[in-house]
Amino acid sequence: MKILLSITLLIIGFITSGCSTLQLSKEDATKIDAIKLNAKIDVPEKALFQGGASNFQNLGWLGPAIAAFDRPNDVVLTDFLKNKKIDIREIVYGQFLGELKNTILSSKIKEKSDHEITLSIVEYGLRKGWGFSNDMRPSVKILATMSDQHGNIVWKQEAFVGGATTELPIHPLEEWVKDPEALKDGFVMASKLAVSSILKDFELKELH
């Protein structure tokens, strides 16, 4: 039973697309003259912390250093990321712009357009890796929507990467806290994987 549970968690933890999606074919996408990428991105008020037995209160000398004793882990993580200038909004926006260059939408991005892509960060934070270890990985869930001149949604895709996404680095919480630059790089990797999944239908390949 434990083996089956671990396998299930592994499957769930890989890059997954949301159930609420709306497809747009490459042929239809090529007919759109211009698309604006909205720089405003909705982000949750707090980062998500799903650490199993891991928590900030057990970090010994690091605990008092970040005033973790009387506050929930998600609040401590949110403040820690802010203090270390790890801006998930900036990271996701940058990765989305970068991945757009490898799609048929690249030449269509303009400052003004009737069509607009809006990004939302549904969740971000640290999640426990699959199995019995309490090591953690960066996680992010991104929703992208495209609306037309009438405000109708013509395309919607969502992707999540997290604790069981083996392409991502995994470390104990203490190591992440000691090396915020590595944590930032982890969020960059997580965002890149999620964005690549979202945009995969528009990759630069020959149309059939």
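The numbers here are math on the coordinates, done by the rules we state, and not lab data. None of these values were measured; they are calculated from a predicted model. Virtual Cβ from ideal backbone geometry, glycine too; neighbours counted across all protein chains shown.
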Item checked: Mean projection area, nm², convex hull over Cα of region 159-208 -> 4.3 nm²
Check: LEU48's amide H: which non-local residues (gap 5+, or another chain) put their own amide H closer than 5 Å, with H modeled 1.01 Å from N in plane and none for Pro or chain starts?
Finding: TYR124, GLY125, LEU126
Check: Could you give the radius of gyration (one decimal) and Dmax (whole number) of the Cα atoms in region 68-138, in Å?
Finding: 17.3, 51
Next item on the list: Would you calculate the separation in nanometres between label points at GLU174 and SER106, each defined as 7 Å from the Cα along the Cα-to-beta-carbon direction?
Entry: 4.5 nm
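Given LYS46/LYS84; LYS40/LYS200; LYS40/LYS85, which pairs have Cα atoms separated by over 20 Å? It would help to have the intermediate numbers written out before the result.
Values: LYS46/LYS84 15 Å; LYS40/LYS200 23 Å; LYS40/LYS85 18 Å.
Over 20 Å Cα-Cα: LYS40/LYS200.
Would you mind counting up the charge near LYS36? Only other residues with Cβ under 12 Å from its Cβ, with Lys and Arg at +1 and Asp and Glu at -1. It would help to have the intermediate numbers written out before the result.
Details: positive: LYS40, LYS108, LYS110, LYS112; negative: ASP33, GLU111, ASP114, GLU116, ASP148.
In short, -1.
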